[in-house]
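Notes for the one structure printed next.
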Amino acid sequence: MIGMDKISDKDFVRFCDFIYQRCGITLNDNKRDLVHSRLAKRLRALGLSSYEDYFDILYNGRDNEQEIVNLLDAISTNVTYFFREDKHFDFLVNTVIPGIEKNNPGGSDRKIRIWSAGCSTGEEPYSLAITFAENMALENWDFRILATDISTNVLSHARKGVYDEERLRNVSDTMLRKYFTRSRDGSRFRVHEKLVSKIKFARLNLMHEFPFKSRFDCIFCRNVMIYFDRSTQGQLVNKFSSFLNPGGYLMIGHSESLTNVEHDLVYVQPSLYRKKG
Ligand SMILES: C[S@@+](CC[C@H](N)C(=O)[O-])C[C@H]1O[C@@H](n2cnc3c(N)ncnc32)[C@H](O)[C@@H]1O
């Protein structure tokens, strides 16, 4: 295994095609070193000595879905933290929530549906739940968050809702006390059940059909499309648009943009778009 041969042109192309077809992730020649080192890591973990054996597992293996997830986790980043890119949370507090309340005085059984698409280990959907809980009387609303990711590894972490202090650096002490329980040694924090119960975690590959019956008020797809080429981004944004309520919002990552992507959403501010209506 030591000194694993560099991946051949043929295997590299075959491999990139496979990842693109399965997950929409575009890898090009300047990712070759990264691909080589991450593949070598997976080969080591599985005790394999050739790319052919590994591809055989990926393409034909009984447990290939799990290995595709392991590989994706090795190639892409799952990095996230609470209240990342805080302008989106300010926008929820100052615009989205007042808008929902104004249009639905009293709340009654009005549905509020939020989707965190590419939620990774869960910090984003929990931050969303805290923001709504802090700014609305949620008991008066039918409020739910759907949080999805392609990776079963990150989803199992998300479902546990336990985090190191480092991921919580943007959470105030007051909110820590209100929504988390500290572990005995003080190093970890568990999200309270009242927030967990608002979130449904599910596996979903964004390249597949969306299996939803109803639409969303907000879709957060932040720091996910960065891996996709323009045409894949275009298809995805149009799918998102068709699952937004009129007047609903799409939030993307601050370093992402929809320039040169055809879509029917209205630009509101950097990384934020609204569905007409
Ligand atoms: C960097 S994390 C983003 C987490 C969070 N949205 C944020 O902004 O902090 C990117 C996530 O996108 C997920 N992802 C990548 N390709 C995907 C696909 N085709 N379908 C669903 N999720 C995907 C990865 O598994 C990863 O957890």
Requested in this report: Please identify the pairs in which a residue from the stretch 195-212 that is under 18 Å from M175 (Cα atoms) has its Cβ atom under 7 Å from the Cβ atom of a residue that is assigned to a loop (DSSP other than H, G, I, E, B), counting only partners at least 6 apart or on another chain.
Outcome: V196/G161
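Out of everything in the stretch 173-186 that is polar (S, T, N, Q) and modelled with pLDDT of 95 or more, what residue ends up being farthest from the chain's Cα centre (by Cα)?
Applying the first criterion (polar (S, T, N, Q)) to the stretch 173-186 yields 174, 181, 183.
Applying the additional criterion that residues be modelled with pLDDT of 95 or more yields 174, 181.
Working: T174: 27, T181: 25 Å.
It comes out as T174.
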Requested in this report: Tell me, yes or no, whether the stretch 128-138 has at least one residue that is under 16 Å from K200 (Cβ atoms), within 15 Å of the ligand (Cβ to nearest atom) and open to solvent by less than 10 Å² (accessible area, probe 1.4 Å).
Outcome: yes
Report task. Select from the stretch 229-262 the residues that are open to solvent by 20 Å² or more (accessible area, probe 1.4 Å), in contact with a Gly (Cβ under 7 Å, 6 or more places away or on another chain) and modelled with pLDDT under 95 and list them in ascending order. Result -> E262
Query - Odd one out for K41 among (1) more than 16 Å from the ligand (Cβ to nearest atom); (2) in contact (Cβ under 8 Å) with a residue 60 or more places away in the chain - result: (2)
Report task. Please specify each residue of the stretch 263-272 satisfying the condition of being open to solvent by 20 Å² or more (accessible area, probe 1.4 Å) and over 22 Å from P211 (Cα atoms). Result -> V266, Y267, V268, Q269, P270
Query raised in the report: Looking at T95, T80, which one is away from the ligand (no atom under 16 Å from the Cβ) and either open to solvent by less than 20 Å² (accessible area, probe 1.4 Å) or at pLDDT 95 or above (or both)?
Result: T95
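How many residues does the stretch 53-64 contain that are free of Cβ contacts under 8 Å to residues at least 24 places away in the same chain and either open to solvent by 10 Å² or more (accessible area, probe 1.4 Å) or among the basic types (K, R) (or both)?
Applying the first criterion (free of Cβ contacts under 8 Å to residues at least 24 places away in the same chain) to the stretch 53-64 yields 53-54, 56-57, 60-64.
Checking which are either open to solvent by 10 Å² or more (accessible area, probe 1.4 Å) or among the basic types (K, R) (or both) leaves us with 53, 56-57, 60-64.
The number of residues fulfilling the criteria is 8.
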Requested in this report: Mind listing whichever residues of the stretch 147-190 are open to solvent by less than 30 Å² (accessible area, probe 1.4 Å) and within 16 Å of the ligand (Cβ to nearest atom)?
Outcome: A147, T148, D149, S151, V154, L155, A158, G161, Y163, L168, V171
Report summary line: Given (1) in the same structural domain as F240 (by TED's automatic domain parsing); (2) part of a helix (DSSP H, G or I); (3) open to solvent by 10 Å² or more (accessible area, probe 1.4 Å), R113 misses just (2)
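Among residues belonging to the stretch 98-110 that are open to solvent by 30 Å² or more (accessible area, probe 1.4 Å) and not in a loop (DSSP other than H, G, I, E, B), point out the one that is nearest to the ligand (Cβ to nearest atom). It would help to see each step written out before you state the result.
Just the residues of the stretch 98-110 that are open to solvent by 30 Å² or more (accessible area, probe 1.4 Å), to begin with: 98, 101-106, 108-110.
The next check asks that each one be not in a loop (DSSP other than H, G, I, E, B); those that pass are 98, 101-103.
Working: P98: 24, E101: 26, K102: 28, N103: 27 Å.
Once the filter is applied, the top-ranked residue is P98.
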Requested in this report: Could you please give the count of residues in the stretch 44-76 that are within 16 Å of the ligand (Cβ to nearest atom), among the small types (G, A, S) and outside any loop (DSSP other than H, G, I, E, B)?
Outcome: 1
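The values are calculated or read from the model by the stated rules, or taken from the named source; none is laboratory data. In this text the structure is predicted, and so the values were computed from the model without any measurement. Because the Cβ atoms are built from the backbone with ideal geometry, glycine has one as well, and the counts that use them run over all protein chains shown. These accessible areas exclude ligands, DNA and RNA; they are computed on the full protein's heavy atoms, side chains included. Shrake-Rupley method; radii C 1.70, N 1.55, O 1.52, S 1.80 Å.
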